[in-house]
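The values are calculated or read from the model by the stated rules, or taken from the named source; none is laboratory data. Only a predicted model underlies this, so the values are computations on that prediction, with no experimental measurement involved. For neighbour counting, all protein chains shown are included, and Cβ atoms are generated from backbone atoms with ideal geometry for every residue, glycine included. Quick note on the areas: whole protein, heavy atoms, side chains included, nothing else; ligands and nucleic acids left out. Shrake-Rupley method; radii C 1.70, N 1.55, O 1.52, S 1.80 Å.
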Amino acid sequence: MRAWTAPDVPALPRAGRPAPVLVHDSTTRTLVEAAPGPTARLYACGITPYDATHLGHANTYLAFDLLQRAWRDAGKTVLYTSNVTDVDDPLLERAAATGVDWRELALEQTELFRADMTALRMLPPATWTGAVEAIPEVVAAVTAMLDAGAAYRLDGDVYADLAADDAFGTVSGFSREEMLALFGERGGDPDRPGKRHPLDPALWRGEQPGDPSWDGGVLGPGRPGWHIECAVIARDGLGLPFDVQGGGADLLFPHHEMSSSHDRFLGGAPRAHVHAGLLSYQGHKMSKSRGNLVFVSRLLGSGVDPMTIRLALLAHHYREEWEWEDDALRAAQRRLDTWVKAVTSTHDDGEPAGEVLDEVRAAMADDLDTPRALAAVDRWAANPGGDADVVVAAVDALLGVEV
């Protein structure tokens with residue numbers, strides 16, 4: 001699958017030893033240097049393309065765009081892989097409800113997502129793989145799990161046997177009761193008769209009338225489960241184990257718990273799990289089921305500057321749970337206008353530009369603290385001094401904002 005075009009990222013001057021980039025690991029609940037080596041490997045779970053791209057999506061992918069920028073500035077080679085779940089129940093249901101072929105809907109929404117990511121200057125993944133594209137590899141992985149006794153058949157479907165994974169539950173740290181409740185709410189089937197354990201996730205779904213299916217070899221015709229899809233795509237794009245598995249906070253369980261379990265069988269679980277906070281709108285979490293969504297494409301279509309959207313999101317720490325207010329764009333536009341004016345208004349006794357770069361770098365290395373980084377640029381813009389080009393480059397390279 002073709003990703004979008006990468007924005008140019010200016011190189012910044014480097015003096016002294018770069019600070020390690022620390023991020024919050026949802027498993028240990030501590031700040032960790034998730035990628036201590038020269039190469040940083042990131043997998044961010046992608047969209048199900050039936051209604052893209054709302055601001056919740058943008059907020060999540062912005063977090064991992066920022067992480068890549070901080071890593072790159074620290075001198076690391078970054079490998080980034082993501083996916084598109086281009087066959088799944090919500091997509092099929094939306095296609096049926098609207099009378100559109102599910103393949104056309106997936107292509108249309110994937111292209112819209114691609115355009116939105118380009119406008120927002122998000123760094124693209126080096127490998128961007130659709131679930132349909134990965135089916136042969138998923139079939140091979142599920143077959144290997146069956147052969148190893150880590151999976152079992154049930155009425156044409158195949159389930160992972162979580163009893164084979166002693167480390168299951170260590171990613172989220174949730175109790176059995178919490179896991180059962182969330183599994184049922186988030187696409188699982190804890191009450192299905194015949195399963196060995198209520199939490200066992202589907203690896204392969206046998207063919208159903210009216211649903212798309214593919215040749216699964218010894219598995220029979222069908223389609224992949226959600227969690228194994230990401231596990232296989234991450235393995236093939238990055239190798240196992242990799243450094244960071246990322247996504248929205250609602251993916252911690254079951255998705256990241258389950259996919260990490262599969263990764264342990266395939267070659268090794270991710271070293272850290274990083275999650276972006278969820279946005280609310282009109283008093284509720286922004287969600288497709290509720291319909292309280294603010295779409296990036298509609299904002300762009302109404303003439304909103306994409307850098308204003310980016311700045312509105314950057315005003316909040318990536319892990320923060322917050323409510324989108326319509327005046328957020330006005331505040332972001334005022335900030336952008338102030339920065340643009342400051343670039344052409346420098347004077348000798350103003351705030352030194354080099355200090356701004358140091359402060360933005362320090363903020364980003366400290367769990368991607370964008371409010372702190374914005375505050376540093378705001379102070380400079382209120383009394384701009386020194387080489388404005390240094391500030392412009394820092395804001396571009398580390399925050400992804402063109403001034």
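Enter the accessible area per residue of the chain (Å², integer; probe 1.4 Å; all protein chains in place).
Values: 16370 Å² over 403 residues.
About 41 Å² of surface per residue is accessible.
For Val401, list long-range residues whose amide hydrogen, built 1.01 Å from N in the peptide plane, is under 5 Å from its own amide hydrogen.
Long-range HN contacts for Val401: Asp396.
Using alpha carbons only, what's the Rg to Rh ratio of the chain with Rh from Kirkwood? If you can, show how the numbers build up before the last one.
Numbers: Rg = 22.1 Å, Rh = 22.2 Å.
Looking at the chain, the ratio lands at 1.00.
Using +1 on the beta carbon of Lys and Arg, -1 on that of Asp and Glu, and nothing else charged, what's the dipole of the chain about the Cα centre, debye to 20? Working shown, then result.
On the way: 36 positive and 60 negative charges, 57 e Å.
Approximately 280 debye in magnitude.
Which ³J(HN,Hα) values, rounded to whole Hz and listed in residue order, are derived for the range 63-77 from phi using the Karplus coefficients 6.51, -1.76 and 1.60 in 6.51 cos²θ - 1.76 cosθ + 1.60 with θ = phi - 60°, glycine and proline given as x?
4, 7, 5, 5, 4, 4, 5, 5, 4, 4, 5, 7, x, 8, 7
Among Leu67, Cys45, Thr129, whose Cα sits farthest toward the positive end of the charge dipole of the range 1-138 (+1 at Cβ of Lys/Arg, -1 at Cβ of Asp/Glu, about the Cα centre)?
So the residue furthest toward the plus end is Leu67.
Determine which residues of the range 126-167 fall in the zone a paramagnetic label at Arg103 would reach in this model, i.e. backbone nitrogen under 17 Å from the point 7 Å along Cα→Cβ.
Taking a point 7 Å out along Cα→Cβ of Arg103, the residues of the range 126-167 whose backbone N falls under 17 Å are 130-136.
Just need the relative contact order of the range 155-264 here, percent rounded to a whole number, with Cα pairs under 8 Å and 6+ apart. Present the calculation step by step, with values, prior to reporting the outcome.
Values: 137 pairs, mean separation 34.4, N = 110.
RCO, the range 155-264: 31 percent.
Compute the distance from the alpha-carbon center of the range 131-161 to that of the range 273-330, in whole Å.
First find each Cα centre; the distance between them is then 37 Å.
Quick query: amide H of Gly225 versus all other amide H atoms, modeled in the peptide plane; which residues come in under 5 Å with a sequence gap of 5 or more or a different chain?
Trp204, Arg205
Let me check I've understood the local charge: for Gly99, count other residues with C-beta under 14 angstrom from its C-beta, Lys and Arg +1, Asp and Glu -1. What total comes out? List each step's numbers first, then the result.
Details: positive: Arg94, Arg103; negative: Glu93, Asp101, Glu104, Glu108.
Surrounding charge for Gly99 is -2.
Can you work out the Karplus-derived ³J(HN,Hα) for every residue in the range 212-222? Use 6.51 cos²θ - 1.76 cosθ + 1.60 with θ = phi - 60°, whole Hz, and x for glycine or proline.
Values, residue by residue: x, 8, 9, 5, x, x, 5, 6, x, x, x Hz.
Counting residues in the range 52-126 as N, plug N into 2.2 N^0.38 Å and put the Cα Rg over that result.
Working: Rg = 15.0 Å, N = 75, 2.2 N^0.38 = 11.3 Å.
In units of the 2.2 N^0.38 Å rule of thumb, it is 1.32.
If one computes the Cα centroid of the range 236-267 and of the range 31-109, what distance in Å separates the two points?
Comparing the Cα centres of the range 236-267 and the range 31-109, I get a distance of 13 Å.
Could you state the angle between the C-alpha long axis of helix 176-185 and the longest principal axis of the C-alpha atoms of the chain, as a value from 0 to 90 degrees rounded to the nearest 10?
Helix 176-185 sits roughly 90 degrees off the main axis of the chain.
If you build the convex hull over the alpha carbons only and average its shadow over all orientations, what do you get for the range 199-320? Give it in nm² to one decimal.
Working: hull surface 43.9 nm².
Projected over every direction and averaged, the Cα hull of the range 199-320 covers 11.0 nm².
Would you please give the residues with an amide H less than 5 Å from that of Ser287, counting only those at least 5 places away or on a separate chain, with H modeled from the backbone geometry?
It is Asn292, by chain and number.
What percent does the relative contact order of the range 92-201 come to when contacts are Cα pairs within less than 8 Å and at least six residues apart? Present the calculation step by step, with values, prior to reporting the outcome.
Details: 59 pairs, mean separation 16.2, N = 110.
Relative contact order comes out at 15 percent.
Checking the cross-link filter: which lysines have an alpha carbon closer than 16 Å to that of Lys288, excluding same-chain neighbours under 8 positions apart?
Once the sequence-local lysines are set aside, nothing remains near Lys288.
Taking the Cβ of Gly225 as the center, what net charge do the other residues with Cβ under 12 Å away carry, scoring Lys and Arg +1 and Asp and Glu -1? Working shown, then result.
Details: positive: Arg205, Arg223; negative: Asp88, Asp89, Asp157, Asp189, Asp200, Glu229.
With Lys, Arg at +1 and Asp, Glu at -1, the neighbours total -4.
How large, in percent, is the carbon and sulfur part of the accessible surface of the chain at a probe radius of 1.4 Å?
50
Just want the answer: with Cβ charges of +1 for Lys and Arg and -1 for Asp and Glu, which residue in Leu112, Gln333, Ser82 is farthest toward the dipole's positive end in the chain?
Checked the options; the winner is Ser82.
Using DSSP to call loops (not H, G, I, E or B), can you name the GluC sites (Glu not before Pro) in the range 261-326 whose Cβ has at most 15 other Cβ atoms within 10 angstrom? Don't skip to the answer; put the middle values down first.
Values: sites: Glu320, Glu321, Glu323, Glu325; in loops: Glu320, Glu321, Glu325.
Passing sites in the range 261-326 are Glu320, Glu321, Glu325.
Given a 10 angstrom Cα cut-off, can you work out which residue in Asp157, Asp349, Asp65 is the most mobile in a GNM of the chain?
Looking only at Asp157, Asp349, Asp65, the largest GNM fluctuation is found for Asp349.
Relative to the longest principal axis of the C-alpha atoms of the chain, give the angle of the C-alpha long axis of helix 353-365, reported between 0 and 90° and rounded to the nearest 10°.
Orientation of helix 353-365: about 20 degrees from the principal axis.
Can you tell which of Gly291, Gly130, Gly206 shows the greatest fluctuation in a Gaussian network model of the chain with Cα springs below 10 Å?
Comparing Gly291, Gly130, Gly206 in a Gaussian network model of the chain, the most mobile one is Gly291.
I need to check one value: relative contact order of the chain, counting alpha carbon pairs closer than 8 Å and at least 6 residues apart, in percent. It would help to have the intermediate numbers written out before the result.
Numbers: 736 pairs, mean separation 82.9, N = 403.
Reported as a whole number, the value is 21 percent.
Please build a GNM for the chain, connecting alpha carbons under 10 Å apart, and tell me which residue among Arg335, Arg196, Arg14 fluctuates the most.
Sorting by GNM fluctuation, first place goes to Arg14.
Looking at the P(r) of the range 288-394, how many percent of alpha-carbon pairs lie beyond 19 Å? Each step should come with its number before you reach the end.
Working: 2847 of 5671 pairs.
The proportion of pairs with Cα distances above 19 Å equals 50 percent.
Using the Cα centre as the reference, give the magnitude of the dipole from point charges on the C-beta atoms of the range 139-249 (Lys, Arg: +1; Asp, Glu: -1; all else neutral), rounded to the nearest 20 debye.
Values: 9 positive and 18 negative charges, 8 e Å.
Once rounded to the nearest 20, the dipole reads 40 debye.
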